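Student: I have a structure here, written as structure tokens, and I will follow up with some questions on it.
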Amino acid sequence: MNEKDVKGMRAGSSQAHGRIEWPGACFWGGDALVRAIRAAGPRLRKPLVVTDAGVWTALGPFVEAALTDVRGLQWQVYGGVVSNPSLAQVRDALRAGRESGSESLIAVGGGSVMDVAKVTLACMASGLEVEALQTLEGQAWLEAAATPDDPLFLAVPTTSGTGSESSSAALIQGDDGRKRLFRSTRTRPALVALQPELTLGLPFGPTAQGGFDAVLHALGAWVNTDPCPVGKAMALQALRLCMKALPAVLAAPASLQARADMQMGAYMAGVAIGMNKVDAVHAMCTPLESRVHMAHAEVLGPVFSVVSRYTAETAARPYAEAARALGVADTGDERRDALALIGAVEEQATRARISLRFPDLCLSPEDAESLAVQARQSASMPLNPRALAHEEIKSLYLQMAA
Ligand SMILES: [Fe+2]
């Protein structure tokens, strides 16, 4: 190899590059929980179980039966998580964990439970209070690589949607009412138990809304400009699975196969967004959620309809490629195929009883300005397949309110 070759290889560092972080071990299918607990071995010491009251009433006996199999294991339950959780619940869970000397963590529930558990874990492991996580010291801990001494974290999802069990993000409402994103691969569950039976009792609303959220995670990770090829492969397969599983699970909620597909689709979409992030749809949804006090998926519906149609005007290709891969359309016309895919996703929203318009959203130009400023802080915004300038984001918000 001569000097010219070496220089040529060095020039390669300007190519697209990245680091692929796989989430922890995932046990799926029958007996997933028992198998995950066995795999945890001695690292499952005095676990703090983070859950919510409804989930624990319905599924606590099943989880406790699995924990009882571990000889001598003692656990503490914190069941105070509510939807759209706030830092108050993190503080309560942390207190419960510290008082009982917990050395590991099990989250049993949906996305809110996972999110509270992640931030609680960060405090338990770092010894920091929740306020300190946002200081330089806290950020340094969150950004550092996981160590073998970090407490074991086992996630047992009971909903299929957020993908929080496989993603590195946690969304928690701060004391000022605004949602805060905590991102750390260190608080991503080391073990996941995907046992579809645990989602059989999920009512129509959370099943439908979670399924639609998962569809948009998969699509966002597929269409965005992040080049990570592994995330792209995961996103497309997740989209395929979610688009098939959502109507199936809504038509036959007692079907274990449909529940299993929905659970795996949501998990894979979570893995994809952990690698590739999402797009402007999610970036613009988060600030609006703090304002309208509607469920995540109910905000996603109208935001998706406006933002994806605008994006596809000049960046139809990734939507069209998905349309062809999924057999939704293949007309030879990129724009038409893209719109067919967007239409198919909107049909999923309708099936899930999610409106594509806000019933009574009122926004002044100042409101839109403030929302646009917040949306631009999202790491997913610059990855949207159509680059959106500040004024365009503002105008899209105003369009949603029209
Ligand atoms: Fe989402």
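Student: Of all beta bridges DSSP finds with both residues in the chain, what is the antiparallel percent, to the nearest 5?
Tutor: 20 percent
Student: To continue, here is another question. By how many nm would the segment from VAL230 to GLU99 lengthen if fully extended, with 0.36 nm per residue of separation less the alpha-carbon distance?
Tutor: 43.0 nm
Student: Here's something else I'd like to know. Hey, can you find the accessible area per residue of the chain for me, probe 1.4 Å, expressed in square angstrom?
Tutor: On the way: 17380 Å² over 402 residues.
Per residue, the chain has an accessible area of 43 Å².
Student: Measure nothing but the geometry: give the 0 to 90° angle between the long axis through the Cα atoms of 256-276 and the longest principal axis through the Cα atoms of the chain, rounded to 10°.
Tutor: Compared with the principal axis, the helix lies near 70 degrees.
Student: Between SER83, SER112, SER184, where does the largest GNM mean-square fluctuation fall for the chain, given springs only between Cα atoms within less than 10 Å?
Tutor: Fluctuation is largest for SER83.
Student: Could I ask something else about it? Summing +1 for each Lys or Arg and -1 for each Asp or Glu, what net charge is found among the other residues whose Cβ lies under 13 Å from the Cβ of ALA190?
Tutor: In short, 0.
Student: Just the accessible area for GLU313, please: 1.4 Å probe, Å², rounded to the nearest 10?
Tutor: In the full protein context, GLU313 sits at about 100 Å².
Student: Please compute the net charge surrounding LYS46, taking Lys and Arg as +1 and Asp and Glu as -1 over other residues with Cβ under 13 Å from its Cβ. Could the numbers behind the result be given before it?
Tutor: Working: positive: ARG43, ARG45, ARG98; negative: GLU99, GLU103.
Taking every other residue near LYS46 into account, the sum is +1.
Student: Lys/Arg Cβ at +1, Asp/Glu Cβ at -1, dipole of region 6-148 taken about the Cα centre: which of LEU87, GLN139, TRP28 is farthest positive-ward?
Tutor: Final value for the positive-end residue is TRP28.
Student: Taking region 172-277, which trypsin sites (Lys or Arg not before Pro) meet the DSSP loop condition and have no more than 14 other C-beta atoms within 10 Å?
Tutor: ARG178
Student: I'd like the accessible area for LEU202: 1.4 Å probe, protein heavy atoms, all chains in place, Å² to the nearest 10.
Tutor: Taking all protein chains as shown, LEU202 has close to 30 Å².
Student: A further question follows. What is the helix-to-structure angle for 229-251, meaning the angle in degrees between its Cα long axis and the longest Cα principal axis of the chain, kept from 0 to 90 and rounded to the nearest 10?
Tutor: Value to nearest ten degrees: 80.
Student: In debye to the nearest 20, how big a dipole does the chain give about its Cα centre with +1 on each Lys and Arg Cβ and -1 on each Asp and Glu Cβ? Kindly include the intermediate steps, with their values, before the conclusion.
Tutor: On the way: 37 positive and 41 negative charges, 145 e Å.
In total the dipole reaches around 700 debye.
Student: Something else: Charges only on Cβ, +1 for Lys and Arg, -1 for Asp and Glu: so what's the dipole of region 25-199 about the Cα centre, in debye to the nearest 20?
Tutor: Magnitude of the dipole: close to 220 debye.
Student: On to the next question. Between region 379-402 and region 235-304, what is the C-alpha centre distance in whole Å?
Tutor: Each part's Cα centre sits 21 Å from the other's.
Student: Counting only protein heavy atoms and a 1.4 Å probe, tell me what percentage of the chain's accessible area is made up of carbon and sulfur.
Tutor: Roughly 53 percent of what the probe reaches on the chain is carbon or sulfur.
Student: Next question, about the same structure. Under 10 Å, Cα contacts only: if you run a Gaussian network model on the chain, which one of SER102, SER126, SER364 comes out with the highest mean-square fluctuation?
Tutor: Sorting by GNM fluctuation, first place goes to SER364.
Student: Can you give me the Cα centroid spacing of region 350-370 and region 83-140 in angstrom?
Tutor: 32 Å
Student: Mind checking the angle between helix 53-68 and the chain's longest principal axis? C-alpha axes, 0 to 90 degrees, to the nearest 10.
Tutor: 60 degrees
Student: Between GLU313 and ALA379, how many nm apart are label points set 7 Å from Cα along the C-beta direction?
Tutor: Result for the modelled spin labels: 3.0 nm.
The values are calculated or read from the model by the stated rules, or taken from the named source; none is laboratory data. Remember, it's a predicted structure, so these values are computed and weren't measured experimentally. Here Cβ is always computed from backbone atoms with ideal geometry, including for glycine, and neighbour counts include all displayed protein chains. Just so you know, the surface numbers come from the protein's heavy atoms only, side chains and all, with ligands and any DNA or RNA stripped out. Shrake-Rupley method; radii C 1.70, N 1.55, O 1.52, S 1.80 Å.
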